[in-house]
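The next block holds one structure in the form of structure tokens; read it before the comments.
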Amino acid sequence: MIEKTTTVSLKSANVYQGKSLILSRVNLEVQKGEFVYLIGKTGTGKSSLLKTLYGDIYLKEGDGNVAGFDLKKLTWKTVPKLRRNLGIVFQDFRL
């Protein structure tokens, strides 16, 4: 039997850009080993969600955990440690 390990978890998360609410009551779980696509129309909050997951936007409301890091407790010192544990391919990665 394969044990499930949650890598990404958001519960009732509200994502803000400044003071503007972009996404409300987001619930998401991604298990270790899963490959996830995030698709949608322009302006639907895809980038804001990803920025929250890799610490570019801090989570103010709700609960979030990525690779063992509590998103509400991230500081500028812990963000690089979080990002070393993630594998993100950006649309414009300029290799």
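The values are calculated or read from the model by the stated rules, or taken from the named source; none is laboratory data. From a predicted model like this one, the values you see are computed outputs, not experimental measurements. Note that we place each Cβ from the backbone using ideal geometry, even for glycine, and neighbour counts take in every protein chain shown. Heads up: the accessible areas ignore ligands, DNA and RNA and are worked out on the full protein's heavy atoms, side chains in. Shrake-Rupley method; radii C 1.70, N 1.55, O 1.52, S 1.80 Å.
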Toy charge model, Lys and Arg Cβ at +1, Asp and Glu Cβ at -1: the chain dipole around Cα centroid in debye, rounded to 20, equals 280
Rounded to whole Å², per residue accessible area for the stretch 19-95 with a 1.4 Å probe reads 80
Between K81 and T5, the two model label points (7 Å from Cα along the beta-carbon direction) sit apart by a distance in nm of 1.7
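Roughly how many percent of the accessible protein surface of the chain is carbon and sulfur, given a 1.4 Å probe and a whole-percent answer?
Working: 3950 of 7450 Å².
It is 53 percent, rounded to a whole number.
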Per GNM of the chain with C-alpha springs under 10 angstrom, the most fluctuating residue out of L82, L21, L59 is L21
Taking max minus min of the Cα coordinates of the chain on each principal axis, largest first, gives extents in Å of 44, 31, 27
